[in-house]
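Beneath this line is the structure, given in structure tokens, with notes to follow.
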Amino acid sequence: MPFGTTSGRSPMTKAERNDQFDVEALRKRLSEMKPADERESPGEINPYARQIAEQFREGTHSPAIVIGQLRLFEFVSQFLIGLAAFLIWPGDGSETLAARAGMAAIAAALGVLALQLADTYSIPALRTRVRLLPRIFGAWTAAFSGTEVIFSFFRDLPWAQLNLHLLWFLLAALFLLGSRFLAAQGIRSWARNGIMERRAVIVGGGEPAKDLIRMLELQADNDIRICGIFDDRGEKRSPVMVAGYPKLGTVAELVEFVRLTRIDMLIISLPLSAEDRILQLLKKLWVLPVDIRLAAHANRLRFRPRAYSHIGSVPMLDIFRKPIRDWDSVAKRGFDLFFATLALLLLWPVMVVTAIAIKLTSKGPVFFMQKRHGFNNEVINVFKFRSMYTNMSDYNAKTVVTKGDPRVTPVGRIIRKSSIDELPQLFNVLKGDLSLVGPRPHAVLAQTKDRAWGDIVEGYFARHRVKPGVTGWAQINGWRGEIDNDDKIKFRTAYDLYYIENWSLWFDLKILFLTPIRLLNTENAY
């Protein structure tokens, strides 16, 4: 990693980073680059920023996911130890396997609860190898004692059986302490190697950014890696190097930089008094699937404590939060895999008949592949049944399909009306490019009357903050088919953004089960 601060590692000093980044060389490099508005594409980033972006393409482990997995592991392991102790040392036979299973489940659940109340499920706590072990032992002791008290109300255990319970307690305690020690070693290693960290970009340079970086570096358990600084201002007000970190470009370039990387958050280092400038930044940045926070450490105006989130002790105001994050994303992926597999098991005869009909009635392949925008504006290949004559297929979708379009085959008219042509996208769902429910993926060059949809609708690309879907809220509300005027794409985008802001598994389930019913309305499908 070229620069940044990460937990488990002492941050580089300013002098060390300046050795790594020759300020004069960096200044010369940036000055030789074309201004953003003179490049081939407005969002194109400079080669230096692209070089840095390459180092952050791979994702990291989410701390929330790691902590959740550890809770599950500790519950299951404590439950299994309770059962294993009984099977190896059954005692005098007065205790049944079912009774021990019940006790083990309650002890494991109380253990996880006690460890939570003891504040041992946080990244700083998990990184501690020895200091918190007495607290962990005390939490397990309290949980096990509570279990014994609960079951003492139902039956008396003979002394020999109580001795076996003591053995169970000691084995479980030793395993818990040992696994926590090893977990601390693993998390420290992940932190050193950049596997588990939160990556941040500072928006805005100068002294405010310098003060913010210094405060972040002083946090003992900081898990933030600063990946660079972006600012629209010139070098007089925003130097090319701030506290040892390079300025990588303008805010317009930042949008493309985030789309090339796996960045977790943007931190705006501007005072609340710069309201107009903050609003201008947010209009450009809210389309990105990241947390956007406003550094509040230097603001004199104070809000209620609940209004702040914190990085260590540095207060932040949350402006936007990444939608469908952490365990929500795991739940949605499980939802997609289950229902996509079920749909394939039910619909495979329809798909086979469709493939045969396409092959027998027109020359060319059965499937049609088109490049479309996916999550975070990435380009993905979406599968469909071919509905056009091969020599007339529009792979770029620059020309929308209209009623009576001569490019569409007779079989194509049927499968487009019924949306059967979309069924191969179930394979995209299994692959992970699409979700079952989400904003529909649009072709990369899709447009209306020679105007790209991103130019028609402000915030159009905010649709890409989540994975696109096979079906969506806009589609079941009648916004499917041809887009021949500006209002249609505006309404579609509005419904898509409503879905993103109000997502839940129940919402997905509602859309999924309404889809077959709403498909009966084929008025706009051709």
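Answer yes or no: is there a residue in region 234-252 that is among the polar types (S, T, N, Q), more than 26 Å from Ile65 (Cβ to Cβ) and outside any helix (DSSP H, G or I).
Yes, region 234-252 contains a residue that is among the polar types (S, T, N, Q), more than 26 Å from Ile65 (Cβ to Cβ) and outside any helix (DSSP H, G or I).
Within region 104-152, how many residues are farther than 21 Å from Phe79 by Cα and not in a loop (DSSP other than H, G, I, E, B)?
5
Do you know which residues across region 459-476 are in a loop (DSSP other than H, G, I, E, B) and either touching a residue at least 40 places away in the same chain (Cβ under 8 Å) or touching a Cys at 6+ places or on another chain (Cβ under 7 Å) (or both)?
Gly459, Val466, Lys467, Pro468 - these are the residues of region 459-476 that are in a loop (DSSP other than H, G, I, E, B) and either touching a residue at least 40 places away in the same chain (Cβ under 8 Å) or touching a Cys at 6+ places or on another chain (Cβ under 7 Å) (or both).
Could you go through region 92-99 and let me know if any residue there is without any contact (Cβ under 8 Å) to a residue 60 or more places away in the chain and either buried (at least 16 other Cβ atoms within 10 Å of the Cβ) or within 37 Å of the chain's Cα centre (by Cα) (or both).
no
Does region 207-223 include one or more residues that are in contact with a helix residue (DSSP H, G or I) (Cβ under 7 Å, 6 or more places away or on another chain), surrounded by 15 or more Cβ atoms within 10 Å (Cβ to Cβ), on the phi < 0 side of the Ramachandran plot and modelled with pLDDT of 80 or more?
Within region 207-223, not a single residue is in contact with a helix residue (DSSP H, G or I) (Cβ under 7 Å, 6 or more places away or on another chain), surrounded by 15 or more Cβ atoms within 10 Å (Cβ to Cβ), on the phi < 0 side of the Ramachandran plot and modelled with pLDDT of 80 or more.
Provide a single number: the residues in region 440-498 that are within 20 Å of the chain's Cα centre (by Cα) and basic (Lys, Arg).
4
Considering Arg333, Arg386, Arg372, which residue is assigned by TED's automatic domain parsing to the domain that holds Gly438, farther than 28 Å from Leu260 by Cα and surrounded by 14 or more Cβ atoms within 10 Å (Cβ to Cβ)?
Within the list Arg333, Arg386, Arg372, the selection yields Arg386.
Say we look at region 185-206 and pick out the residues that are modelled with pLDDT of 80 or more and among the basic types (Lys, Arg); which of these is farthest from Lys236 (Cα to Cα)?
So, considering only residues that are modelled with pLDDT of 80 or more and among the basic types (Lys, Arg), the one farthest from Lys236 (Cα to Cα) is Arg188.
Can you find, within region 345-395, the residue that is farthest from Gly438 (Cα to Cα) among those that are in contact with a helix residue (DSSP H, G or I) (Cβ under 9 Å, 6 or more places away or on another chain) and β-branched (Val, Ile, Thr)?
Thr361
Matching residues to (1) surrounded by fewer than 17 Cβ atoms within 10 Å (Cβ to Cβ); (2) assigned by TED's automatic domain parsing to the domain that holds Thr261; (3) over 37 Å from the mean Cα position of the chain (by Cα); (4) on the phi > 0 side of the Ramachandran plot:
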{"residue": "Gly68", "(1), (2), (3), (4)": "yes, no, no, no"}
{"residue": "Glu74", "(1), (2), (3), (4)": "no, no, no, no"}
{"residue": "Phe79", "(1), (2), (3), (4)": "no, no, no, no"}
{"residue": "Ile88", "(1), (2), (3), (4)": "yes, no, yes, no"}
{"residue": "Met103", "(1), (2), (3), (4)": "no, no, yes, no"}
{"residue": "Val112", "(1), (2), (3), (4)": "no, no, no, no"}
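Of all residues being assigned to a helix (DSSP H, G or I) and farther than 14 Å from Gly412 by Cβ in region 349-369, which is farthest from the chain's Cα centre (by Cα)? Just the residue, please.
The extreme case among them is Ile356.
The values are calculated or read from the model by the stated rules, or taken from the named source; none is laboratory data. Here the structure is a predicted model, which means the values were calculated and not measured. With ideal geometry, Cβ positions are generated from the backbone for all residues, glycine too; neighbour counts draw on all protein chains shown.
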